[in-house]
């Protein structure tokens, strides 16, 4: 079975070689890497073009954001399964193999995840780790933001060739969460491997901008949930309550009491 890996990149010259090399060194060899450069203004494209592996395909678009880049990638994949890899993260050598083994052992699985090790930007110091803890349909866990089956774009997904997979474009935060929620609405079982499937870089100089983007993302997801016939208003309210709690704690953690208050009183 072929596994497609979709990588969106934007000004990733510092890290993208490490990310691509982590794919080419995978123990599972039947893969394709579809790289979408989202209008980079540095040497990202030149680095990508140095790779001559026929399993690597490259596309360029003017800057439209990560969701639009992933949507372009989704149009060009040919695999039986697919997953995502950000251009500043990298996969351990058995990342694909360990996730694919779960599918072999559990034919009912539609989505397969795994543990994540979280590092600083230089990948020198491990800060923490995330381990999934849910098996079964993930919809309620995603809506309640339980953290049991969602870290980020880490799922491997069994591809249904009759289905159109698409991200909501324009979101800077929360796009992967909403993508998973809408996948889970079709049903399907979530499973995971205990092995580490991703090394994730954490830390960005514009932390406050990230919080503002996260709040906007949560608000967009809430409004989208309200408009879904398959999601009850009660479940949408569960999401809003948890999202507001996360924003309150996040702003207070940055010593931004004014923003913390606004996140609670502004209309969602």
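How far is it, in nm, from the label point at residue 106 to the one at residue 186 when both lie 7 Å from their Cα along the line to the Cβ?
It works out to 1.9 nm between the two label points.
Listed highest first by mean packing, meaning other Cβ atoms within 10 Å per residue, what order do 224-236, 134-146 come in?
Ranking, from highest mean packing down: 134-146, 224-236.
Treating each Cα of segment 17-148 as an identical point scatterer and ignoring solvent, apply the Debye formula and state log10 I(q)/I(0) at q = 0.09, 0.13, 0.15 Å⁻¹.
For segment 17-148 at q = 0.09, 0.13, 0.15 Å⁻¹, log10 I(q)/I(0) is -0.32, -0.68, -0.91.
Once you put a point 7 Å from the Cα of residue 265 and another 7 Å from the Cα of residue 52, both along the Cβ direction, what distance in nm separates them?
Placing both labels 7 Å along Cα→Cβ, they lie 6.5 nm apart.
Among 223, 64, what is the fewest-to-most ranking by other Cβ atoms within 10 Å?
Least to most surrounded, the residues fall as 223, 64.
Just want the ordering: 9, 22, 263, 128, from fewest to most Cβ atoms lying within 10 Å of their own Cβ.
By the 10 Å Cβ count, ascending: 128, 22, 263, 9.
With axes computed from alpha carbons, what is the tilt in degrees of helix 175-184 against the longest principal axis of the chain, rounded to the nearest 10 within 0 to 90?
So the helix axis and the longest Cα principal axis differ by about 90 degrees.
Kindly state, to the nearest 0.05, the FRET efficiency for residue 126 paired with residue 227, given R0 = 35 Å and r defined as their beta-carbon distance.
0.30
Looking at segment 3-201 only, what percent of DSSP beta bridges run antiparallel? Nearest 5 please.
So the antiparallel bridges amount to about 25 percent of the total.
More than 15 angstrom separation, counting every C-alpha pair in segment 207-265; what % is that?
For segment 207-265, the share of Cα pairs beyond 15 Å comes to 47 percent.
Cut-off is 10 Å between beta-carbons; in what order do 47, 221, 246, 5 appear when sorted fewest neighbours first?
Going from sparsest to densest Cβ surroundings: 246, 47, 221, 5.
When the convex hull of the C-alpha atoms of the chain is computed, what volume per residue in Å³ does it have?
So the per-residue Cα hull volume is 129 Å³.
Cα convex hull of segment 1-57: mean projected area in nm², to one decimal?
With every direction weighted equally, the projected area is 3.6 nm².
Divide the volume of the convex hull of the Cα atoms of segment 175-246 by its number of residues and quote the answer in cubic angstrom per residue.
Considering the Cα atoms of segment 175-246, their hull volume per residue is 120 Å³.
Quick check on the chain: helices-only [θ] at 222 nm, where DSSP H runs of length 4 and up contribute -39,500 (n - 2.57) each and the sum goes over total residues. Nearest 500, please.
Result for the chain, helices only: -11500 deg cm²/dmol.
Every number in this text was worked out from the coordinates using simple rules, so none of it is lab data. Every value quoted in this text rests on a predicted model; they were computed, and no experiment measured them. All Cβ positions, even for glycine, are placed from backbone atoms using ideal geometry, and neighbour counts span all protein chains on display.
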